[in-house]
1. Around G152, under 11 Å between beta carbons, what's the net of Lys plus Arg minus Asp minus Glu among the other residues?
2. Can you tell me how much longer the chain between Q136 and D106 gets when fully stretched, taken as 0.36 nm per residue apart minus their C-alpha distance, in nm with one decimal?
3. Scale the Cα Rg of segment 106-249 by the rule-of-thumb value 2.2 N^0.38 Å and send over the ratio, two decimals.
4. Could you list the residues of segment 130-172 with an amide nitrogen less than 17 Å from a label point located 7 Å from the Cα of E244 in the Cα-to-C-beta direction?
5. Rounded, prolate or oblate, given the Cα gyration tensor of segment 33-82, with a/c below 1.5 counting as rounded?
6. Where does each of T35, T195 land when they are ranked from fewest to most other beta-carbon atoms within 10 angstrom?
7. Can you tell me the relative contact order of segment 110-224? Whole percent, Cα pairs under 8 Å, sequence separation 6 or more.
8. Roughly how many nanometres apart are two label points built 7 Å out from the Cα toward the Cβ at Q24 and F93?
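Each value in this text was obtained by applying a stated rule to the coordinates, not by laboratory testing. Note that this is a predicted model, so its numbers are computed, not measured. Neighbour counts are summed over all protein chains in view; Cβ atoms, including those assigned to glycine, are modelled from backbone coordinates with ideal geometry.
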Amino acid sequence: MAVPDIGSKGVESMSADTRGDLHQHVLDALGLDITAGRLAPGQVLSIDALSEQLEVSRSVVREAIRVLTSMGLVQSRRRVGTVVRAASGWSLFDPTLIRWRLAGRDRLDQLHALTELREAVEPMAARLAAERADGQDRSELVALAARLWEAGMSGEPERFLEIDVEFHDALLRASGNPMFAQLGSTVTEILAGRTRHGLVPAIPQQAALQDHVDVATAIQRGDADAASDAMNRIVRRSNEEMDELFREGDPEPTEPTDAPTPGTASSATELPGDDRPLD
């Protein structure tokens, strides 16, 4: 894993941007190794060993461990140290965790699970939006659907993804349900992950673009059943496209942008008792 040279004065002498980059590199290295199973549940992480292995200060490692703890990937045990947790304890809706898991070989299973979440949430969000959204929200969705159609037909994948993210985030907010609205970042990572790993068509199907228009216009006219049905079609079509493209190409996992090569942190473990728990 390549990390920035911090020099003889250590991390304290670095700029805020450089410290942030270094912290993110270490966090990604550990997160990718844990989610890929290279650091297995029950494995004890040594702060000293990780610091030496990754060639960073103990404070950088400790900060990364604190973030991983907040995400449920590791926990501190008295007289044992920092221990990797089983996946059942992870904060699975965390966008960073979703991105790490999508970088692994089981990403299609992960995407299927996330699509099932979308099937449970987004059609209901569309129904509620048709019933509750104000005029501004309804107009915004129609405008976004039009822009999405234009980007899709003109073959602009980056712009298409950006607008698609805006559309689904606006839909969740328009539902009037604050819990649905908070899933916006989760859905964003699902959409971005499909694109990142080549599991979307190079040019969107016209039927998929029409489904987005149908959702927006149904919400605009207050037709809850039609809005829900159209959103169901979007999610089902997304799942079918992923399966078909995966069978055709079976692409290799792609690491998150700017992430380090995984596997470098997995050897930085020792027997229980080598490290004190974090404060």
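1. Computed value for this residue: -1.
2. Full-extension gain reported as 6.8 nm.
3. Scaled against compact globular proteins, the figure is 0.97.
4. Residues 153 qualify, since their backbone N sits under 17 Å from the label point.
5. In terms of gyration-tensor shape, rounded.
6. If I rank by nearby Cβ atoms, fewest first, I get T195, T35.
7. 43
8. Placing both labels 7 Å beyond Cα along the Cβ direction yields 2.5 nm.
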